[in-house]
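Worksheet for the structure shown next.
The values are calculated or read from the model by the stated rules, or taken from the named source; none is laboratory data. Keep in mind that this is a model prediction, so the values were computed, not measured. Note that we place each Cβ from the backbone using ideal geometry, even for glycine, and neighbour counts take in every protein chain shown. Areas reflect the complete protein model, heavy atoms only, side chains present, ligands, DNA and RNA absent. Shrake-Rupley method; radii C 1.70, N 1.55, O 1.52, S 1.80 Å.
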Amino acid sequence: MPKIPLRNGGPAARIAVIPGDGIGKEVTPEAVKVLRAVTSATGRNIEFVEFDWGADKYLREGVSLPPGAVEMLRDEFDAILFGALGDPRVPSNQHAADILLGLRFKLDLYVNSRPVELLHDRLTPLRDRKERDIRLVVFRENTEGLYVGVGGFFKKGTADEIAVQEDVNSRKGVERIIRYAFDYARQHKLKRVCMSDKSNAMTFAHDLWQRVFKEVRQEYPEIDSRHLYIDTLAMEIVRDPSQFDIIVTCNLFGDIVSDLGAQLAGGLGLAPSGNIHPGKTSLFEPVHGSAPNIAGKGIANPLGSVLASAMMLEFLGWDREASVLREGVKAALFKNYLTSDLGGSNTTTEVGSWVADFASRHAA
C-alpha cells in the first residue's frame, strides 16, 4: 500500500503502532484512544496498523525486527507510535536493541527531541519554580556516539579482560543535529541555544563538536549561543532551568540530561520523545520504558504516551489536534484525574478515557 502523502498538513495519516512490552501494552492503547477521539472530532482520517514486535514474539519465534520491516515502515507509513521495550525474560534485551535502536539507525532518525516542560507547579522538586521556569527542549544526536555498538572484548571473562567501546562522531552527524537545533530555534522564535560536550577530556570526538558549533552558530547571529561542559550543564539545569531554551548534545549526554530534565518537570511518566528525520517516517514514544514491576496492574501513567502522540501530530502538521492533546493532559493534572505516580487514584484506562473525552469535546 503506498504511503498517504500528508506532510503538507493534509487530512489523512497511516500510523504504525508498536506497543512492545510491559506497560507499553497498557499505555499505547490509551494513546490510540485519545488520537481517535481528537481526529474524529476534527474530521481527520487516521489509520492505525498494530505490530506485535516485542519479547513475546522474540521468545516464541526468535524474531525481533522481521525482514523487510524497516522498508515497509519507511514506504507505507507516515509515523510510528511506539510503546516500550524490555522484559526480564530476555536478560540481554537483544530484542529491544534490535527493534528500537535498529529503527533509529536504519531509518536514520538522527534527531531525538525531548521537550522538558513543567505542566503544573506542584510537580517539580525544585523549590519556588513555576511553569514558566521549566520549558526547554533537548536535542540529542540519535544515530552516532557510544550507541553504535563499535567495540569489543579482549580476554573476556578473565582477570585480564579489556572492554573497548568506541565513540563514533562524523562531521555530517554532528553538523546536522546542531543545525537542526538552530533551525528549530529560529522557526519557533527561541533565542538561546546551548551546545554541551566534554571536549576538555574527549579531545578528539568533542573537538569536532566544538569546531562545527563555532562554524554553524555564525549563520544564526540573532540567536544567543553558548557552550557548557556536560557536568556544568547538569548543575546549571538544576540551579536555574529558566536560562535554557534549547540544548543540543551527543547521544549519551542527551540521554542522561533529558532524563534529568524530565524529573524536574514531573517525572518520566510525563516525558515524551520523538525520533525524527525531517520529512521522513519518524517514531514517537514515551521515555519511561517498559516498567515490568508495575506491568499488568492498571496503574501505568498514559500521559507520556499521549504527549508523545501530540508530538507526532505536530510532526504531521496537525497543530490544532496536538494542542488539544496537550491541553487535555494539563486539564487532567489540574483536575487531579491521574494515576498514583502523580498522586491520583485513577487507573490507566480511566485516565486515557478522561483525556479522550476532553479531546472530543474541545477539538470539535
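Numbers for the structure displayed
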quantity: Computed helical MRE - 222 nm, the chain, DSSP H runs ≥ 4 contributing -39500 (n - 2.57), nearest 500; calculated: -12000 deg cm²/dmol
quantity: Beta bridges by DSSP in region 7-156, antiparallel share as percent, to the nearest 5; calculated: 40 percent
quantity: Net charge over other residues, Cβ less than 12 angstrom from the Cβ of LYS198 (K, R count +1; D, E count -1); calculated: -4
quantity: Over 26 Å (Cα to Cα) - which of LYS33/LYS189; LYS130/LYS330; LYS214/LYS280; LYS198/LYS330; LYS130/LYS189 fall in this group; calculated: LYS33/LYS189; LYS214/LYS280; LYS198/LYS330
quantity: DSSP-defined beta bridges in the chain - what % are antiparallel, rounded to 5; calculated: 40 percent
quantity: Cα-based Rg of region 294-351 normalised by 2.2 N^0.38 Å, two decimals; calculated: 1.19
quantity: Coil-residue chymotrypsin sites (Phe, Trp or Tyr not before Pro) of region 189-242, DSSP, other Cβ within 10 Å capped at 15; calculated: PHE204
quantity: 10 Å Cβ shell holding at most 15 others, DSSP loop, trypsin sites (Lys or Arg not before Pro): longest site-free stretch of the chain; calculated: 192-279
quantity: GLU219 accessible area, 1.4 Å probe, all protein chains in place, Å² to nearest 10; calculated: 90 Å²
quantity: Accessible surface of ASP259 - all protein chains present, 1.4 Å probe, nearest 10 Å²; calculated: 60 Å²
quantity: Counting DSSP beta bridges with both ends in region 136-287, the antiparallel % (nearest 5); calculated: 40 percent
quantity: Probe 1.4 Å, all protein chains present, accessible-area order of SER345, SER258, largest first; calculated: SER345, SER258
quantity: Computed over region 231-363, the ratio Rg/Rh where both radii use C-alpha atoms and Rh is Kirkwood; calculated: 0.98
quantity: log10 of Debye I(q)/I(0), alpha-carbon scatterers only, for the chain at 0.09, 0.15 Å⁻¹; calculated: -0.50, -1.43
quantity: Residues whose placed amide H lies under 5 Å from that of GLU47, excluding near-sequence neighbours; calculated: ALA13, ARG14, ILE15
quantity: Solvent accessible area, Å² - MET72, 1.4 Å probe, full protein context; calculated: 50 Å²
quantity: Region 207-244 and region 38-92: distance between their alpha carbon centers, rounded to Å; calculated: 35 Å
quantity: Sulfur and carbon atoms: percent of accessible area, region 181-315 [1.4 Å]; calculated: 55 percent
quantity: Selection of GluC sites (Glu not before Pro), region 97-200, meeting DSSP coil and at most 14 other Cβ within 10 Å; calculated: GLU161, GLU166
quantity: Mean Kyte hydropathy of 1.0 or more with a Cα span along the axis of at least 15 Å, helices from DSSP in the chain; calculated: 303-315
quantity: Linear extension gain, ALA163 paired with ALA97, 0.36 nm per residue minus alpha-carbon span; calculated: 21.8 nm
quantity: Cα-based shape type of region 85-192, given that a ≥ b ≥ c are square roots of the gyration tensor eigenvalues and the cut on a/c is 1.5; calculated: prolate
